[in-house]
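Read the structure below first, then the notes.
The values are calculated or read from the model by the stated rules, or taken from the named source; none is laboratory data. Being a predicted model, the structure only gives us computed values, none of them experimental. For neighbour counting, all protein chains shown are included, and Cβ atoms are generated from backbone atoms with ideal geometry for every residue, glycine included.
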Amino acid sequence: MAPAWAVPTGSLLGLVAVGLIFFAWYFPHTLKKGTQADQNELNALPEGPEREARRAYNRKVIERFAKKRARERGEEVSDDEDDDDLEAGLRVRAQTPPAAAAAALSG
């Protein structure tokens, strides 16, 4: 007769093995599928202004991401006027609260 720990341990190891096999198949499969969908979307755009607009947008997103990473590392980053990355609360201008503005107007 098998020890008392053998059946639960074997069941757990079987579940872990099935999970690892699923993980090794599913995530690369999904990544490839998503990458292919992005590539198909880009290839669907004809050569011309729409495609160039998409490329310009992609370059802007990559530049914003690189600036954000540089800020997180503590590096100095130039704040361009067209940089509209407010994700981390950067470049948020102080605004007068509406109640204070109303009080100032009423005299």
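One residue alone among R64, R91, R71 is modelled with pLDDT under 85 and either within 21 Å of the chain's Cα centre (by Cα) or outside any loop (DSSP other than H, G, I, E, B) (or both), and that residue is R91. Right, S106: over 25 Å from the mean Cα position of the chain (by Cα) and at pLDDT 65 or above or not? Considered against the rule, which asks whether it is over 25 Å from the mean Cα position of the chain (by Cα) and at pLDDT 65 or above, S106 comes out as yes. Filtering segment 48-60 to residues that are at pLDDT 90 or above and either touching a Leu at 6+ places or on another chain (Cβ under 6 Å) or surrounded by 11 or more Cβ atoms within 10 Å (Cβ to Cβ) (or both) leaves only K60. Across segment 31-47, the number of residues qualifying as in contact with a helix residue (DSSP H, G or I) (Cβ under 7 Å, 6 or more places away or on another chain) and surrounded by fewer than 10 Cβ atoms within 10 Å (Cβ to Cβ) comes to 0.
Considering only segment 21-30, I want to know if a residue exists there that is of a type outside the set (K, R), surrounded by fewer than 10 Cβ atoms within 10 Å (Cβ to Cβ), in a helix (DSSP H, G or I) and at pLDDT 90 or above. Even if it seems obvious, please write down each step before you answer.
Of all residues in segment 21-30, those of a type outside the set (K, R) come to 21-30.
Still in the list and also surrounded by fewer than 10 Cβ atoms within 10 Å (Cβ to Cβ): none.
No, because not a single residue in segment 21-30 is of a type outside the set (K, R), surrounded by fewer than 10 Cβ atoms within 10 Å (Cβ to Cβ), in a helix (DSSP H, G or I) and at pLDDT 90 or above.
Residues in segment 31-51 that are at negative phi and not in a helix (DSSP H, G or I): L45, P46, E47.
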